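Here's the structure, in structure tokens; my notes come after.
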Amino acid sequence: MWAQRSPTSMGLLRESRRSGNLVFTDRIQLGRSIAVCLVALGYGVTSLADDTATMARPGSLSQERLNSAAQNSTDFFVTHGNYAQTRYHPADRINTQTVKDLKLAWTFQVDLTESIQGAPIVYDGVMYLTTSYNHLFAVDAKTGKELWHYKHVMDPAVSVCCGPNNRGVAALGDLVYMATLDAKLVALSAKTGAVVWSKQLADPLKGYSITAAPTAVDGKILIGLAGAEYGIRGALKALDAKSGAEVWTFHTTPANSVGVWATHDATGLDLHRDIAAEKAALAKRGDPYKTLGGSIWQNPAIDLANKRVYFVVGNPAPDIDGSVRPGDNLYTDSLVSVDLESGKYICHLQYIPHDIWDMDAVSPAVLTPVTDQAGKKIPGVLHAGKSGYLYVHDAKDCSLIRSTGLVEAKNERALPTREGVLIRPGLNGGVSVTPLAIDPKLGLAFALTNESALKYYFFTSTEYPNGKLWLGGSFKGAPEEPTWGDIVATDYNTGKIRWKVKKPLPMFGGILATAGGLIFTGEGSGEFGAYDSATGKELWSYKTDAGVNAPASTYMLDGKQYVVVGAGGNTQLDYKRGNKYYVFAY
Amino acid sequence: MSQKFVLKIIAHSALLLLAGFAGAGVAQAQAIEQRAAVCKACHVAGTLPSTSVIPNIWGQSEGYTYIQLRDFKSGARNAPEDAAMRGFVATMSDADMLEIAKYASTQPWPKVEPISTDAALLKKGAYATALGGCVGCHFNDWNGFSANPRIGDQSTAYLAATIRQFRSGSRANSPGMSDLVRTFDEGDIEAVAAYLNAAQ
């Protein structure tokens with residue numbers, strides 16, 4: 001996944017003048033300043049909580065409670081709602097009738113003005129939210145009062161391609177887990193924010209980083225590595241939740257990454273590969289798996305009953321130049337399933353073999369029953385790709401049941417040239433790292449699309465540059481092409497698009513769906529809206545002060561339903577940065 | 001950069017090298033400020049002219065400075081203009097490089113002037129950086145982060161020279177950057193350098 005600015009956001013060009021290394025707000029209180037000082041001294045964290053009896057206090061988060069997430073209308077235990085990652089929440093107090101009365105309850109101001117991409121988790125009256133640069137806050141979910149604040153102290157040299165993002169935390173037992181830009185997993189006390197353990201998972205000097213939220217399940221923490229723009233070898237790792245000891249590692253690029261020399265992608269488009277040249281390169285160079293990329297940018301989905309893990313793998317490295325990485329480049333641009341206990345391979349489906357467009361798979365996989373081609377209801381997997389397709393899979397063997405093109409396409413799978421070739425969608429998507437939501441009652445999957453084109457260039461091959469930016473080509477905005485965004489609802493049982501809502505800016509963030517018949521989503525313009533899930537009709541909106549480019553979460557507290565979303569803007573599309581989480585209540 | 005200028009820097013380098021890095025043990029004992037004085041001979045801590053082909057390094061991202069020092073030493077960064085720096089880093093240990101990079105990152109960013117007021121040029125530069133997607137790595141207000149340098153408020157001449165080095169491949173320590181700036185034409189380079197220089 002690479003970030004490329006969309007020409008639409010041209011109107012938002014910044015002209016601000018700067019004065020410090022990071023833009024701090026003026027809200028930093030004395031206590032916060034002390035916390036920062038302690039962090040600087042290496043303590044890593046300080047608790048700002050006092051010990052009043054009314055303070056929200058997290059209880060222990062058992063596996064049993066986590067398993068119930070899909071049926072629990074009170075809490076929001078995991079960042080994509082539940083292990084199936086449906087982002088469908090059972091709370092229905094806010095619904096198509098009452099949403100008109102949804103009001104801002106409070107805002108929580110964070111200490112950095114940068115991209116926000118995570119959805120908070122909320123349980124036992126405490127909300128855990130993150131910002132860019134791995135700042136983690138525990139906040140009273142009713143009042144917005146800060147309980148503690150952890151500011152991660154980074155390694156000196158970290159490379160991140162697409163913004164200093166973080167996509168949230170996981171919790172299990174008495175611990176909260178955050179993965180960091182310098183490729184660590186940090187376990188903190190949910191009550192105090194004190195670091196219990198920290199584990200280095202990969203070398204940031206080789207381009208490894210982590211922006212995904214971890215997933216906590218069955219005593220394990222699952223987390224994926226990113227950094228394909230720097231020639232990493234990607235992996236999904238399982239660590240012991242108590243100690244951080246490694247349980248298993250699944251390399252996203254296996255030692256035999258060659259595959260079947262596929263000439264067409266999963267939707268049947270010709271890949272225009274020169275297989276003879278690739279075979280010659282393979283004989284000369286060997287298998288490229290050690291620097292082949294395969295980032296993971298989002299949480300895996302968990303099938304609790306069958307103890308299976310489903311996740312998608314990002315682009316091969318280098319992004320645009322396939323000549324130095326002959327073969328299908330397994331398992332890049334793929335849906336992969338592995339065994340939860342052992343990490344052993346079960347099945348995969350590669351969307352785009354030997355991708356040279358960065359048309360990868362980054363939006364998190366969703367598990368839900370789907371109708372197969374014979375009309376039978378079977379366990380299924382949904383994924384929406386940067387290629388702009390919604391893919392529906394058979395969960396048993398990962399095979400593709402159907403796919404639906406969600407965006408306008410032009411020159412799909414054309415080969416990049418020295419002069420530049422215009423391709424639509426470009427590498428921002430389609431559907432980027434933005435999660436889907438589904439409404440299982442309606443059988444609809446909701447996706448946010450980026451309707452834009454890019455020019456793709458190939459100049460010359462370069463060898464692996466030891467952890468440096470390695471794109472293998474270039475790309476540039478195409479101002480002559482129209483850009484916009486859509487909210488798209490697709491019937492995943494038939495593949496038919498049910499409705500689309502057109503928005504002026506390419507969409508990036510995520511969707512929350514609820515049993516109240518609503519979906520919630522934000523825009524780069526700062527709008528945050530609620531829509532009728534069945535029709536797409538906008539029923540409510542609120543204008544924030546920065547791009548709303550994160551997925552929302554919801555929870556119940558003292559009889560009221562709350563909806564929380566970050567408004568931090570977005571680095572890669574250069575949407576206006578902000579420093580607040582907005583919390584609405586009815 | 002003229003050849004004469006390069007030679008002058010190399011000569012200075014040799015002297016400063018002897019003065020500043022006369023041995024690892026001695027170097028360790030020196031206060032970091034004293035050792036950084038070597039750097040300040042060329043990388044001025046006062047106002048930096050926008051015509052300077054020597055960049056400002058004070059207040060620069062720690063990771064970026066460290067990696068450049070490392071690459072000078074390994075030869076990964078090996079353009080003709082880098083000869084002087086290669087001399088300086090020859091006896092530096094990894095710990096020295098990290099220490100200097102950290103120290104430099106904590107220093108105030110100096111004034112860099114003059115900045116261009118040519119509205120058309122600045123607009124062109126803003127447009128080219130937008131199409132080029134520069135913000136994807138260099139971030140909000142061009143501040144950079146860690147291994148990615150701050151490029152806002154840098155010397156115009158240095159920025160333009162650097163883009164040209166990446167384009168030609170003479171600076172070979174970021175092939176990704178080389179590919180990205182190969183979509184710029186000469187006019188873009190001047191405009192981008194002026195725009196970033198003025199983004200203070």
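The values are calculated or read from the model by the stated rules, or taken from the named source; none is laboratory data. Source: prediction; values computed, not measured. Here Cβ is always computed from backbone atoms with ideal geometry, including for glycine, and neighbour counts include all displayed protein chains.
Quick notes on this structure:
- Any hit, region A:273-292, residues being surrounded by 17 or more Cβ atoms within 10 Å (Cβ to Cβ), in contact with a strand residue (DSSP E or B) (Cβ under 6 Å, 6 or more places away or on another chain) and either among the polar types (S, T, N, Q) or under 23 Å from A:ALA384 (Cα atoms) (or both): yes
- Between A:ALA513, A:ALA546, the distinction of being of a type outside the set (Val, Ile, Thr) and under 27 Å from A:ASP394 (Cα atoms) belongs to A:ALA513 only.
- Any chance A:THR490 is assigned to a loop (DSSP other than H, G, I, E, B) and of a type in the set (Ser, Thr, Tyr): no
- Among the candidates A:GLU146, A:GLU64, the residue that is touching a residue at least 40 places away in the same chain (Cβ under 8 Å) and not hydroxyl-bearing (Ser, Thr, Tyr) is uniquely A:GLU146.
- Within region A:155-203, the set of residues being within 14 Å of another protein chain (Cβ to nearest Cβ) and within 25 Å of A:VAL565 (Cα to Cα) comprises A:VAL160, A:CYS161, A:CYS162, A:GLY163, A:PRO164, A:ASN165, A:ASN166, A:THR180, A:LEU181.
- In summary, strands (runs of 3 or more DSSP E) completely within region A:413-471 and bearing 2 or more residues that are of a type in the set (A, V, I, L, M) and crowded, with 24+ Cβ neighbours inside 10 Å occur at A:437-439, A:444-451.
- Cβ pairs under 7 Å, 6+ apart, first in region B:98-109 and within 11 Å of chain A (Cβ to nearest Cβ), second among the polar types (S, T, N, Q) and buried (at least 21 other Cβ atoms within 10 Å of the Cβ): B:ALA101/B:THR65; B:SER105/B:GLN60; B:SER105/B:SER61; B:SER105/B:THR65; B:TRP109/B:ASN56
- Residue within region A:196-216 that is aromatic (Phe, Trp, Tyr), closer than 29 Å to B:LEU98 by Cα and assigned to a loop (DSSP other than H, G, I, E, B) present: yes
- Test: B:ILE115 is in contact (Cβ under 8 Å) with a residue 60 or more places away in the chain and surrounded by 21 or more Cβ atoms within 10 Å (Cβ to Cβ): no
- Among the residues of region A:562-586, those that are within 14 Å of another protein chain (Cβ to nearest Cβ), within 22 Å of A:TRP540 (Cβ to Cβ) and not in a strand (DSSP E or B) comprise A:GLY568, A:GLY569, A:LYS576, A:GLY578.
- Residue satisfying all of: in region A:209-232; out of contact with any Lys or Arg (no Cβ under 9 Å at 6 or more places or on another chain) and farther than 25 Å from A:LEU304 by Cα; nearest to the other protein chains (Cβ to nearest Cβ) among these: A:GLU229
- Test set (1) touching a Leu at 6+ places or on another chain (Cβ under 9 Å); (2) over 22 Å from A:ASP439 (Cα atoms); (3) not aliphatic (A, V, I, L, M) - A:THR417 fails condition number: (1)
- Failed condition for A:ILE94, given (1) touching a strand residue (DSSP E or B) at 6+ places or on another chain (Cβ under 8 Å); (2) surrounded by fewer than 24 Cβ atoms within 10 Å (Cβ to Cβ): (2)
- Options B:ALA126, B:ALA120, B:ALA101: the member that is under 24 Å from A:LEU471 (Cβ atoms), aliphatic (A, V, I, L, M) and modelled with pLDDT of 95 or more: B:ALA126
- Of residues in region B:149-172 being crowded, with 23+ Cβ neighbours inside 10 Å and among the polar types (S, T, N, Q), the one nearest to the other protein chains (Cβ to nearest Cβ): B:GLN154
- Filtered residues of region A:452-465 (kept if more than 29 Å from A:LYS503 (Cβ to Cβ) and either basic (Lys, Arg) or more than 7 Å from every other protein chain (Cβ to nearest Cβ) (or both)): A:PHE458, A:THR460, A:SER461, A:GLU463, A:TYR464
- Of residues in region B:61-82 being within 18 Å of B:PHE166 (Cβ to Cβ) and touching a Ser or Thr at 6+ places or on another chain (Cβ under 6 Å), the one surrounded by the most Cβ atoms within 10 Å (Cβ to Cβ): B:SER61
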